[in-house]
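To start, the structure itself, in structure tokens.
The values are calculated or read from the model by the stated rules, or taken from the named source; none is laboratory data. In this text the structure is predicted, and so the values were computed from the model without any measurement. Cβ atoms come from the backbone with ideal geometry, glycine included; neighbour counts cover every protein chain shown. In case anyone asks, the SASA skips ligands and DNA or RNA and just uses the protein heavy atoms, side chains included. Shrake-Rupley method; radii C 1.70, N 1.55, O 1.52, S 1.80 Å.
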Amino acid sequence: MASIKPKFRASSVAGREGSLYYQIIHERKPRQILTNYHILPSEWDSKTGRLASPVSSERAAMIDSLREHIRMDVELLNKIIRCLDFRGFHYSVDDIVEEFNRLTAVNSLFNFMQAVITRQRGNGKIRTSETYAAALNSFKKFREGDDIRMDTITSTVMEGYQGWLQHQGIAPNTISFYMRILRAVYNRAVEEQLVENRHPFKRVYTGAEKTAKRALPLAMIKKIYMLDLSDKRNLEFARDMFILSFMLRGMSFVDMAMLKKTDLKDGRITYRRRKTGQQLSIEWTKEMQSILDKWPINDSCYLLPIIKNDVSNPRYVYKNMGERINKELKKVAEKADIGVTLTMYVARHSWASIAKAEGIPIALISEGLGHEKESTTRIYLATLDSSAIDRANGMILGCLGS
């Protein structure tokens, strides 16, 4: 029967952390498995071969986490040995080490999550893959690039991540967003029987706080609309895209960027929302055309001067342009002295809010447009007569010009 013992190797530099490793002996042949666990000499009890209580209380949580990691590593090694014994064939100490390293690589959170992201991209779920990549990058920063096996992810680890995010000033809903993505990846690994479910997310926040609606009143929209920005072309362009989004019933920036010239026909814009696939049709008004006429004709297949070339990766272009526009919109807000953070998304919320204030029926504007229930929005916009929505939008644009 093979034996397993955690061991400590002190650093050659006094006062520095040393390394933990596992000594495996089978048939009198020893092998070592190095770990990336590092502790101070005072935190190792050489008599018992176990972690000792830390001198510093600041390191207590880390030592507790390491203690759990060691326990699970030893548990995995014992499981491997039992499986090899059960097969009834001769095996060497190298076989034990090789199987441990293989399972460690398979159970790597970073590797597994990156594989999920790659599959999502291959299936055309670009936006989903980007959100998963953002969550993975955030967790990597928390771990300082140090990978972790999924079978060593515990509630203690996730509580530590949550605390780190809070210390970074991350909003509760963003924390929940990251946690839900990591939980989805973990659950997928459970389904694929790569790890036993230890319910590591039971003590972290995965809910959703209701946030204040980011909407401007009509007076502020008009103030932005009437600003003379002719001497600041970058600001003028950002303002015009914001106003055009508002005029187009709060059309999202990605949908604006992806509009094709062929989508404008017989005085109407007809397109499918990138987020939902829902087909929408909007009357193209003289106010919209006047904004488009201010800018040079786009030589590409796209209608608006956002993506100006027929590039192979338009998503990359529109994302960069979106960041630039939102940066310029902050300056526009300062010039308009409206005292809010202005982004393209504000136009979407503002359209719904102003429509409600003007007494337009909820069924026409679907107050949940982009807020709480996208499904409600889809249902309303799919079943209502487009002319009724056009009349409602006409009322709003009429108020904008009065």
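Tabulated data
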quantity: Residues located in region 1-39, provided they are outside any strand (DSSP E or B) and not hydrophobic (A, V, I, L, M, F, W, C); calculated: 11, 12, 15, 16, 17, 27, 28
quantity: Whichever residue in region 224-267 is without any contact (Cβ under 8 Å) to a residue 60 or more places away in the chain and open to solvent by less than 20 Å² (accessible area, probe 1.4 Å) and, among such residues, is farthest from residue 347 (Cα to Cα); calculated: 259
quantity: Evaluation of residue 389 against (1) in a loop (DSSP other than H, G, I, E, B); (2) at pLDDT below 85; (3) surrounded by 19 or more Cβ atoms within 10 Å (Cβ to Cβ) (one fails), failing number; calculated: (1)
quantity: Meets criteria (in a loop (DSSP other than H, G, I, E, B), out of contact with any helix residue (DSSP H, G or I) (no Cβ under 7 Å at 6 or more places or on another chain) and open to solvent by 10 Å² or more (accessible area, probe 1.4 Å)) for residue 169; calculated: yes
quantity: Residue 96 crowded, with 16+ Cβ neighbours inside 10 Å, touching a His at 6+ places or on another chain (Cβ under 8 Å) and of a type in the set (A, V, I, L, M); calculated: yes
quantity: Any chance residue 369 is among the hydrophobic types (A, V, I, L, M, F, W, C), buried (at least 17 other Cβ atoms within 10 Å of the Cβ) and modelled with pLDDT under 70; calculated: yes
quantity: Near pairs, Cβ below 6 angstrom, 6+ apart or cross-chain, from region 107-120 (under 16 Å from residue 183 (Cα atoms)) to any residue that is among the basic types (Lys, Arg) and in a strand (DSSP E or B); calculated: 107/149
quantity: Hey, residue 195 closer than 30 Å to residue 79 by Cα, open to solvent by 10 Å² or more (accessible area, probe 1.4 Å) and either touching a residue at least 24 places away in the same chain (Cβ under 8 Å) or in contact with a Leu (Cβ under 6 Å, 6 or more places away or on another chain) (or both) or not; calculated: yes
quantity: Residue count for region 268-326, restricted to those that are open to solvent by less than 40 Å² (accessible area, probe 1.4 Å) and either acidic (Asp, Glu) or farther than 25 Å from residue 130 by Cα (or both); calculated: 13
quantity: Residue match in region 49-70 (condition: in a strand (DSSP E or B), without any contact (Cβ under 8 Å) to a residue 12 or more places away in the chain, open to solvent by 20 Å² or more (accessible area, probe 1.4 Å) and more than 22 Å from residue 151 (Cβ to Cβ)); calculated: no
quantity: Boolean, residue 114 is at negative phi and open to solvent by 50 Å² or more (accessible area, probe 1.4 Å); calculated: yes
quantity: Restricting region 73-93 to residues that are farther than 17 Å from residue 196 by Cβ and in a helix (DSSP H, G or I), the residue that is most open to solvent (accessible area, probe 1.4 Å); calculated: 86
quantity: Pairs where the first residue, in region 328-340, is within 16 Å of residue 228 (Cβ to Cβ) and touching a residue at least 12 places away in the same chain (Cβ under 8 Å) and the second is surrounded by 13 or more Cβ atoms within 10 Å (Cβ to Cβ) and acidic (Asp, Glu), C-beta under 6 Å, 6+ apart; calculated: none
quantity: Which numbered condition residue 103 fails, given (1) modelled with pLDDT under 90; (2) of a type outside the set (S, T, N, Q); (3) over 25 Å from residue 26 (Cα atoms); calculated: (3)
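Quick grid of which residues meet (1) small (Gly, Ala, Ser); (2) open to solvent by 20 Å² or more (accessible area, probe 1.4 Å); (3) farther than 29 Å from residue 84 by Cα; (4) out of contact with any strand residue (DSSP E or B) (no Cβ under 6 Å at 6 or more places or on another chain):
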position: 135; (1), (2), (3), (4): yes, no, yes, yes
position: 138; (1), (2), (3), (4): yes, no, yes, yes
position: 152; (1), (2), (3), (4): no, no, no, yes
position: 165; (1), (2), (3), (4): no, no, yes, yes
